[in-house]
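Read through the structure below, which is laid out as structure tokens, and then see the notes.
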Amino acid sequence: MKNRNFPIAPDGFPFIVAPAVLAGVSAFLGARGVSLFFLAATLFVLWFFRNPERVPPEDEKAIISPADGRVIKIEEVDEKEMLREKVRKVSIFMNVFNVHVNRAPCAGTVMEIAYRNGKFFSANLDKASALNERNSVLIERADGNRILTIQIAGIIARRIVCWVREGMSVAKGERFGMIRFGSRLEVFMPLGATISVKLGDKVRAGETTIGYLT
């Protein structure tokens, strides 16, 4: 991601400019009410695309949350697309008020990226995990452990953005993408990993440890 330290995610600029221009034009024409509406819309979009700095934990065995949001599912599953084994999965739901910049859950090499078209069911529903539009990012750590993160679009989100490519090295907590306007992220860890969050917990991308590798 270019300008990764900029306080506003660059992907948000087109969404910010339009209402800002309309607010200015409305004010120039004397339409105060319309101008205030578009000004409020501009401020909301600015806030939605905020891109705060985060400091990841130093523990090398810690797997951190790739998203801000709430833990809605913790389970053991058979992941059949990339990992092809039984693993632990943590699902995180992001509403429109959460920071939507996604971060790498661990350091390593991006081994595979796979995008798949799909539906746009509400991201907090179980069927969204299987049927919605998604982008999968598989990272292999230096110790050989592989961590899979899946970005899943929701009922409002219609655009998944991924800033990394296969073969790239990423640092723990590095920004790797975002999903616009509400969505879900899932993290798949080895079966031997210890999960350190529980259902309903609020987590912060790049800071909250969600599991530990053994």
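Coordinate-derived values only; no laboratory data. For clarity, every value in this text was computed on a predicted model and none was experimentally measured. Methodologically, a virtual Cβ is constructed for each residue, glycine included, from the backbone with ideal geometry; neighbour enumeration extends over all protein chains shown.
The C-alpha atoms of the chain define a longest principal axis, and helix 13-28 lies at about 20 degrees to it. A straight line joining the Cα centroids of the range 115-176 and the range 38-102 runs 10 Å. Peptides 61-67, 194-200 ordered by packing proxy, namely the average of other Cβ atoms within 10 Å per residue, highest first: 61-67, 194-200. Residues in the range 196-202 carry Karplus couplings, in order, of 10, 10, 10, 4, x, 5, 8 Hz; the curve used is 6.51 cos²θ - 1.76 cosθ + 1.60 with θ = phi - 60°, and Gly or Pro positions show x. With contacts taken as Cα pairs under 8 Å and at least 6 residues apart, the chain reaches a relative contact order of 26 percent. Could you please report the charge total around LEU199, scoring K, R as +1 and D, E as -1 over all other residues with beta-carbon less than 13 angstrom from its beta-carbon? So the environment of LEU199 carries a net charge of +3.
Whole-Hz Karplus values for the range 100-111 come out as 10, 6, 9, 10, 5, x, 7, 8, x, 10, 6, 8 Hz, taken residue by residue from phi with 6.51 cos²θ - 1.76 cosθ + 1.60 and θ = phi - 60°; glycine and proline positions read x. Our coupling estimate for the range 166-175, obtained by passing each phi through the Karplus curve with A = 6.51, B = -1.76, C = 1.60 and θ = phi - 60°, is 4, x, 6, 8, 10, 8, 4, x, 5, 5 Hz, Gly and Pro reported as x. Against the main long axis of the alpha-carbon atoms of the chain, helix 32-48 sits at an angle near 20°.
Positive contributions from Lys and Arg (+1) and negative ones from Asp and Glu (-1), summed over other residues with Cβ under 11 Å from the Cβ of ARG84, come out at -1. Too long at a 23 Å Cα-Cα cut-off: which of LYS61/LYS89; LYS80/LYS119; LYS80/LYS127; LYS80/LYS202; LYS119/LYS198; LYS73/LYS127? Flagged as over cut-off: LYS80/LYS202; LYS119/LYS198.
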